[in-house]
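Novice: Mind looking over this structure? Questions follow.
No value in this document is a laboratory result; all are computed from the given coordinates. Owing to the predicted nature of the structure, the values given are computational and were not obtained by experimental measurement. Cβ: placed from backbone, ideal geometry, glycine included. Neighbour counts: every protein chain shown.
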Amino acid sequence: MHTGHRSALRARVKPAQGSDHGLTVGFAILVILLVADLVTGVVLTASYASAVIVTALITTPQRTAVVAAVTLPLSLSSGFWHDSFGTRDWVVRCILAALLSAGALVASRVSTRREERLQQMTRIADVVQRALLRAIPPELGNIAIATRYQSATQAAAIGGDLYEAVSTDHGVRILVGDVRGKGIEAAETAATVLGAFKHAASRAPDLATLAATLDRAVSLVIDEEDFVTALLVEVDGAELRVASCGHHPPLHITDGTGTDLDTGEPSPPLGFAVEPETRSHPFPAGSRVLLYTDGLIEARNDSGDFFDLDAAHQVLAAGTPDDALDAIVQRVTAHAGHRLEDDIALVLFENLGDSRAAARA
């Protein structure tokens, strides 16, 4: 399984030691203020602390302390060239510079600790997500299958998108779902859905029965306002059956073009006593089907335009399923400016045909 790296900290995490120009910027501001102070005669003693404040915003507390250690002696020394040493104005300005510098140092330390905690939460979230979404074999039955989970970049919360695939006597059964919300509660619900699917996928005689089993499991763990959209797919040779519980329809790709597969009358999500229709469709050798969560088609660019999945049909048809999903992930993250608002779960599978299946046997 490929899991997208969470990057919630990109906008705020300070660079590591030796990798930024915090000291240069801080000292440059200090030099500019000092020259202006000497040339104009305007007393800028308290303003020296602005160098410390700016440094605190862009670098580590240690480097901020270096700038502060130079700023404070300069503030004290300003009394000599302004002939104000020991006066009340000089004392007030020096105290103000010291207080502002100390405040910048404290703020820098607090911010750094908060970012370290967020980094730890991000790592924990990744571990939990990987534990929930196990690696699926690249081939099941007569299909080649690839999966991706691309994490949102706006928060370190654990997402509720999920997928699973199991080879059964009825064919290969695949699940894609999306739990409303994020965090531990969403992860617990996702784990419930996945556990119920793994337990019932081989036992349920059809997709409607399987959906009812998942619905009962979800109803035991969710609140009144929560729900899980889900799409169940069964691949049996050159036939494909689908049952949707409030989820986006699968995209069928043949000869570089894609069409949404009919999933019947709209059914509510899991948790609302679902009774989805099951629709059958031809699934000839060489054709592919994409299952996805709404994070894919709801990804927006800076202009507010949604990701155009219709323009990506050729990409989904090219290369291996793994190659195709890599290309789609690259496209959607680039479209969103590498700032995805929602997680994305993707499953792409291809009918290998009887000849290739027999060759592997």
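Novice: Evaluate the charge dipole of region 209-361 about its Cα centre and quote only its size in Debye, nearest 20, assuming +1 on the Cβ of each Lys and Arg and -1 on the Cβ of each Asp and Glu.
Specialist: 600 debye
Novice: OK, next. Order these peptides, 65-77, 243-255, 330-342, by their mean beta-carbon neighbour count within 10 angstrom, highest first.
Specialist: Working: 65-77: 18.4, 243-255: 21.4, 330-342: 16.6.
Top of the packing list down: 243-255, 65-77, 330-342.
Novice: Then there is this: Could you tell me the convex hull volume per residue, in Å³, taken over the Cα atoms of region 266-318?
Specialist: 128 Å³
Novice: Run the helix sum for the chain: -39,500 (n - 2.57) per DSSP H stretch of 4+ residues, divided by residue count, reported at 222 nm to the nearest 500 deg cm²/dmol.
Specialist: Values: 9 runs with 153 residues, N = 361.
Only helices count here, giving -14000 deg cm²/dmol.
Novice: Long-range amide H contacts for residue 287: which residues qualify at under 5 Å (H placed 1.01 Å from N, peptide plane, sequence gap of 5 or more or a different chain)?
Specialist: 351
Novice: Could you give the length gained on full extension between residue 254 and residue 238, defined as 0.36 nm per residue of separation minus the Cα-Cα distance, in nm?
Specialist: Here the segment from residue 254 to residue 238 would lengthen by 4.4 nm.
Novice: To continue, here is another question. Please list, in order along region 310-327, the HN-Hα scalar couplings obtained from phi with the Karplus expression 6.51 cos²θ - 1.76 cosθ + 1.60 (θ = phi - 60°), rounded to whole Hz, x for Gly and Pro.
Specialist: 3J(HN,Hα) across region 310-327, in whole Hz: 4, 7, 10, 4, 5, 5, 5, 8, 8, x, 7, x, 4, 4, 5, 5, 4, 5.
Novice: A further question on this structure: Pulled fully out, how much extra length does the chain show between residue 320 and residue 216, if you take 0.36 nm times their separation in residues and subtract their Cα-Cα distance?
Specialist: 33.7 nm
Novice: Looking at the square roots a ≥ b ≥ c of the eigenvalues of the Cα gyration tensor of region 206-338, which shape do they give, rounded for a/c under 1.5, prolate if a/b is larger than b/c, or oblate? Walk me through the numbers on the way to the answer.
Specialist: On the way: a/c = 2.48, a/b = 1.29, b/c = 1.92.
Because a/c hits 1.5 or more and a/b fails to exceed b/c, region 206-338 counts as oblate.
Novice: Shifting gears a bit: How tilted is helix 207-219 with respect to the longest principal axis of the chain? Cα atoms for both, answer in degrees (0 to 90, nearest 10).
Specialist: Relative to the chain, helix 207-219 is tipped by roughly 40 degrees.
Novice: Another one. Across region 74-90, in residue order, what do the Karplus-derived ³J(HN,Hα) couplings come to in whole Hz, using 6.51 cos²θ - 1.76 cosθ + 1.60 with θ = phi - 60° and x for Gly and Pro?
Specialist: 5, 4, 5, 6, 4, x, 6, 7, 9, 6, 10, 4, x, 7, 5, 4, 4
Novice: Quick one: which residues, 5+ away or cross-chain, put their amide H under 5 Å from the amide H of residue 143? H built at 1.01 Å from N.
Specialist: Long-range HN contacts for residue 143: 352.
Novice: Roughly what percent of Cα-Cα pairs across region 48-99 reach past 18 Å? Each step should come with its number before you reach the end.
Specialist: Working: 431 of 1326 pairs.
The answer is 33 percent, as a whole percent.
Novice: Starting from the Cα of residue 338, step 7 Å toward the Cβ, then list every residue of region 86-114 with an amide N under 12 Å from that point.
Specialist: None, by backbone N distance to the label point.
Novice: Using the Kirkwood formula over every pair of different C-alpha atoms, what hydrodynamic radius in Å results for the chain?
Specialist: The Cα-based Kirkwood calculation yields 23.9 Å.
Novice: With charges set only on the Cβ (+1 for Lys and Arg, -1 for Asp and Glu), what does the dipole of the chain come to about its Cα centre, in debye to the nearest 20?
Specialist: Working: 29 positive and 43 negative charges, 419 e Å.
The calculation lands at about 2020 debye.
Novice: Can you tell me how region 195-265 classifies by the Cα gyration tensor, rounded, prolate or oblate, using a/c under 1.5 as the rounded cut?
Specialist: Working: a/c = 2.90, a/b = 1.57, b/c = 1.85.
Oblate is the answer for region 195-265, as a/c is 1.5 or above yet b/c matches or exceeds a/b.
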